[in-house]
1. Rank Pro110, Leu148, Ala131 by how far each Cα sits towards the positive end of the charge dipole of segment 100-157 (+1 on Lys, Arg Cβ; -1 on Asp, Glu Cβ) and give me just the farthest.
2. Taking the 0 to 90 degree range and rounding to the nearest ten, how far is the long axis of helix 545-558 tilted relative to the main principal axis of the chain, both from C-alpha atoms?
3. Compute the separation of the alpha-carbon centres of segment 447-490 and segment 84-115 and state it in Å as a whole number.
4. Using alpha carbons only, how many degrees (0 to 90, rounded to 10) separate the axis of helix 300-312 from the longest principal axis of the chain?
5. Gain in length, Ala510 to His313, computed as 0.36 nm per residue apart minus the alpha-carbon separation, to one decimal in nm?
6. Obtain the nm distance between the two label points defined at His120 and Asp189 by a simple spin-label model: each point lies 7 Å from its Cα along the Cα-to-C-beta direction.
7. Please report the spacing between the Cα centers of segment 410-438 and segment 498-516 in Å, no decimals.
8. Over segment 198-258, what is the relative contact order in percent, taking alpha-carbon pairs closer than 8 angstrom and at least six residues apart?
Amino acid sequence: MPHHTRDGVVPWPPEVAARYRAAGYWLDRTLGDLLWETADARRDEVAVVDAAQQPATRLTYGELTARADAAALRLGDLGLEPDDRLLVQLPNGWEFVVLTLACFRSGVIPVMALPAHRRHELEHLASVSEARAIAVPGVLRGFDHQGLAHELAVDLPDLAHVLVLGEPTGGAHDLAALLAPPAGADAADLRARVDALDPDPASPACFLISGGTTGLPKLITRTHDDYACNVRATAATCALGPDDVYLGTLPASHNFPLACPGVLGTLLVGGRVVMLPSPEPERAMRTIEAEGVTVSAAVPAVAQAWVDHRQAHPGAHDLSTLRVLQVGGSRLPDAYAARIAPVLGCTLQQVFGMAEGLINTTRLDDPEEAICRTQGRPVHEADEVRILDPLGADLPDGEPGSIVTRGPYTPRGYYRAPAADARAFVDDGWYASGDVVLRRSDGNLVVQGRDKDMINRGGEKISAEEVETLVYAMDAAEMVAAVSMPDERLGERLCVYVVPKAGHEVTLEAVRAHFDASGVAAYKWPERLELVTALPMTKVGKIDKKALRERLTLTTAGS
Ligand code: OOB
């Protein structure tokens, strides 16, 4: 069948793509094709455990693939065609896995939204991707996702279908029925019918959400070819195999738990994925013991919470199966890093990665010093990394500069965002992540800071510009600057400096209420407000955020 393509996906240059294929970095196979090959050899082995449910739901590889194939056809019955976009906002659970695989098989492209996203984010993601359907929980943690999905469907002409986990209302479809095992006639030639859909391996498998430094989040298209490369390379660096049991507690729509190696890597090697909708330490540890978990992933704040919990309850659970804890998403302080192996009894793997591609990890057999003090090195032999000075010249080892990268799983541009591309993709397709990094003589990278206007709140990225735009919309501020403030637990929190307009009063409560009313994800709500009469300026007339951050450090230390 013809492969639909739509403008907006920036391809790798043909000669580079040819090189990646010739070298075997790209296999010219879809993620579905690769995963189904593994599944065929392990039909009766458990593939996915949903540990949030009591008792846990367990799907074998045979059940997982049959459900996903049945769901792939049902997506077609709804009218979703290959290259149509499905906005996925589901908590970690078996449904997320089946739906994602159904998309990979059918060529429908999942847009990986976060459960924390609200109207402000979802509307943007749905409209940029021209999503034709949205999959949501009914009510989750007190929020009516279904109600919001219906509102979006009214406002966005492309958004024709609402798929709901729970009781559907007002014309929504029941996600449980969509993800149910094949029945009767469905079952017979199911596999062959879905095989025939056969998406192009060079087409997008999914859209990830960028951390974003400017305005609203960008969409990142990850092709089957490149994402499979990402998954295989990261699986190799933690020696993932069929006996591994991976516990996913970070939101699975993030690149890290989805594919580094995460859910997809574990399934690709024939291991077992255990899903929990939150990293709450007591339940996580109970699950590690009950399911024999061998590998998991955490942001530093979660790793720290797990270490603290374990120290408070040393013998409460048997964690002896845990082999590797990956930690990344924000800088792990060296002092915390040193506590992980002794307290949790596993090897720490630091992961410095990005949804835009490049993943660096420490290796399991690295010296302890490198594991605790560096963020590792690229996972793939074809990853290219340069550290540049402000004029774009390469820096020698040991000197911090801006990291730029290219490689077989680092796309060459965002989706339909030429202005962002012009900033982030420099010269010949090098992606500039905005991180300030030094390379040691042993090849390991150390993240020293960043030169992008972003707040990294415990691994969740907040664009300063997005926050400032929202505060300006209150029409009570002359000037606004969003900056990070240091935080013991999360690393950083969000502070806004505001110069109020004459005659206007601005309070933290009012700012947060405005963000709430604007339907902004709660992790982006300012946590501190500093009212000032003026903002410091740099020589070139920009707001001096460095000075503002330093002020905060001083006042925080002094308080
Ligand atoms: C991961 O991906 P994103 O897209 O949410 O954020 C990427 C940014 C990086 O540019 C860097 O600023 C920061 O997050 N970051 C780290 C870090 N890991 C990510 N900063 C310091 N130390 C680290 N270890 O965050 C992500 C994607 C895949 C795997 C792991 C993390």
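1. The Cα lying farthest towards the positive end belongs to Pro110.
2. On a 0 to 90 degree scale, this one is about 80.
3. First find each Cα centre; the distance between them is then 29 Å.
4. Rounded to the nearest ten degrees, it is 80.
5. Gain in length upon complete extension: 66.8 nm.
6. Inter-label distance under the simple model: 5.1 nm.
7. Segment 410-438 and segment 498-516 have Cα centres spaced 34 Å from each other.
8. 27 percent
Any read-out appearing in this document is the output of simple, stated calculations on the displayed coordinates, not a laboratory observation. Keep in mind the model is a prediction, meaning the values are calculated, not measured. Reconstructed Cβ throughout: ideal geometry from the backbone, glycine too, with neighbour counts over all protein chains shown.
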